[in-house]
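Colleague: Shown below is the structure under consideration.
The values are calculated or read from the model by the stated rules, or taken from the named source; none is laboratory data. Values in this document were obtained by computation on a predicted structure and should not be read as measured data. No Cβ is skipped: glycine too gets one built from the backbone with ideal geometry, and neighbour counts run over all protein chains shown.
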Protein chains: 2
Amino acid sequence: MQERRDEIVAAATELLEREGADALSMRRIAERVGIRAASIYKHFPSKEALEAAIISVAFERQAAVFERAEHDLVAIAEAYRSFAREHPHLYRLMTERPLRRDLLGPGAEARAAAPLVGATGGDADVARAAWAFAHGMTILELNDRFPPGADLDEAWARGLSAFTRKGRDKRDR
Amino acid sequence: MQERRDEIVAAATELLEREGADALSMRRIAERVGIRAASIYKHFPSKEALEAAIISVAFERQAAVFERAEHDLVAIAEAYRSFAREHPHLYRLMTERPLRRDLLGPGAEARAAAPLVGATGGDADVARAAWAFAHGMTILELNDRFPPGADLDEAWARGLSAFTRKGRDKRDR
DNA sequence: GTCTATACCCGGATAGAC
DNA sequence: GTCTATCCGGGTATAGAC
């Protein structure tokens, strides 16, 4: 009977994506499933555990998307940005707090990260820098922090060129 | 009698820095000032307005720090990271939500941003990319998102070199 | 400009019956 | 595994006296 568990995670994810983190209460989640809030505790020990399940599924979805852009840093960056724009509340839940890794599905985080590591030639420092850039652009855009007229495509291009051989050649030519 | 107003902002900032965003309630703030929560509404129309005042002061503090690192991107980046590590909860308040610019002190945001724009030679796209990188590194570090052994100094160096002439020369040599 | 009192709403979580 | 009932806590904000 893991089906009910999955159903709760799916309902919670949909609620989060539609209405944001403030709407993600045990009562609202239960309402969507058609049960009472207390019953969720038969499937998850705490709200935190349920959130970790939401995040685990989201990592797997991300991994599936990133793998399709295999080994191309620019394509991965585009997929990263698109995922966040399509699921802004989910993306925030995934990134804006420390991760409860002990509650995540095993390997989920690593699977989501693998394509980027591959695309940066296995250099972990460069991969981290590239991720930081991508996350920074993404979250600042979601939070409306750039000025209204800002050309974000151009800012992305300027930043990404730092992490690609081709980009450096082009800029320094 | 703006003194009381300033006193409230100072008390709220201290409370935020010590105990984090969850502790920042009108009741807790008032307690620190030695008044009742209801009295705060004689000085601020809403909690949001009080938060905006906290952020305005924080921008001015940031501006003062960044100006000391004038025109040197690496020095500004170091100051940026240091500010966030010294005031993590304040930094989160400043960055993790859309800004209520209509409630901020005039020019505060621009003064904090000016040193970075200057250091990137006035190229707004590069300045935005550099800011995104710095924010991404900073917030991911604050949220413990990098692996335990990660060499963040090195990741910072790799990313920053993208935005400096010197860095590019060195890497491509 | 501060107080008391309160309206009004929400949250996570547990006990115990069925 | 679901329910009802409840505990216990918290929050922003307002009314009206002083």
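Colleague: Just checking, how many residues over the stretch B:4-26 are free of Cβ contacts under 8 Å to residues at least 40 places away in the same chain and near DNA strand C (Cβ under 9 Å from one of its atoms)?
Modeller: 2
Colleague: Continuing with the same structure: Just checking, does the stretch A:117-124 include any residue being within 9 Å of chain B (Cβ to nearest Cβ) and either modelled with pLDDT under 95 or more than 24 Å from A:Asp22 (Cβ to Cβ) (or both)?
Modeller: yes
Colleague: Going by the conditions given, is A:Val126 without any contact (Cβ under 8 Å) to a residue 40 or more places away in the chain, part of a helix (DSSP H, G or I) and not assigned by TED's automatic domain parsing to the domain that holds A:Leu16?
Modeller: When the stated conditions are applied, A:Val126 passes them.
Colleague: State all residues of the stretch B:39-65 that are within 14 Å of DNA strand C (Cβ to nearest atom) and crowded, with 21+ Cβ neighbours inside 10 Å; if no residue qualifies, say none.
Modeller: If the condition is that a residue be within 14 Å of DNA strand C (Cβ to nearest atom) and crowded, with 21+ Cβ neighbours inside 10 Å, then B:Ile40, B:Leu50 are the ones that fit.
Colleague: Sticking with this one: Can you list the helices (runs of 4 or more DSSP H) found entirely within the stretch B:1-115 that contain at least 3 residues being farther than 20 Å from B:Ile139 by Cβ?
Modeller: B:2-19, B:26-33, B:37-40, B:47-67
Colleague: Tell me yes or no: at least one residue of the stretch A:30-39 is more than 16 Å from DNA strand D (Cβ to nearest atom) and farther than 28 Å from A:Asp144 by Cα.
Modeller: no
Residue by residue, here is whether (1) farther than 30 Å from B:Gly121 by Cβ; (2) outside the structural domain of B:Val126 (by TED's automatic domain parsing) holds:
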site: B:Glu14; (1), (2): yes, yes
site: B:Ile40; (1), (2): yes, yes
site: B:Ala79; (1), (2): no, no
site: B:Leu93; (1), (2): yes, no
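Colleague: Which of the residues that make up the stretch B:82-110 are among the basic types (Lys, Arg) and surrounded by fewer than 19 Cβ atoms within 10 Å (Cβ to Cβ)?
Modeller: Passing the criteria: B:Arg85, B:Arg97, B:Arg100, B:Arg101.
Colleague: Within the stretch A:129-162, restricting attention to residues that are part of a loop (DSSP other than H, G, I, E, B) and small (Gly, Ala, Ser), which residue is surrounded by the fewest Cβ atoms within 10 Å (Cβ to Cβ)?
Modeller: The selected residue is A:Gly149.
Colleague: To continue, here is another question. Determine which single condition B:Arg100 fails, assuming it passes every other condition in (1) more than 8 Å from chain A (Cβ to nearest Cβ); (2) at positive phi.
Modeller: Among (1) more than 8 Å from chain A (Cβ to nearest Cβ); (2) at positive phi, the lone unmet condition for B:Arg100 is (2).
Colleague: Oh, and also: Checking the condition within 16 Å of DNA strand D (Cβ to nearest atom), more than 14 Å from chain B (Cβ to nearest Cβ) and either touching a helix residue (DSSP H, G or I) at 6+ places or on another chain (Cβ under 9 Å) or closer than 23 Å to B:Pro98 by Cα (or both), which residue from A:Ala75, A:Ala58, A:Ala12, A:Ala52 passes?
Modeller: A:Ala12
Colleague: Might you check whether a residue that is of a type in the set (Phe, Trp, Tyr) and in contact with a Ser or Thr (Cβ under 8 Å, 6 or more places away or on another chain) occurs anywhere in the stretch B:76-86?
Modeller: Yes, because at least one residue in the stretch B:76-86 is of a type in the set (Phe, Trp, Tyr) and in contact with a Ser or Thr (Cβ under 8 Å, 6 or more places away or on another chain).
Colleague: Exactly one condition in (1) within 16 Å of the chain's Cα centre (by Cα); (2) modelled with pLDDT under 95 is false for B:Glu86; which is it?
Modeller: (2)
Colleague: Considering the stretch B:144-160 alone, what residues qualify as being closer than 13 Å to B:Val74 by Cβ and within 7 Å of another protein chain (Cβ to nearest Cβ)?
Modeller: B:Arg158, B:Gly159
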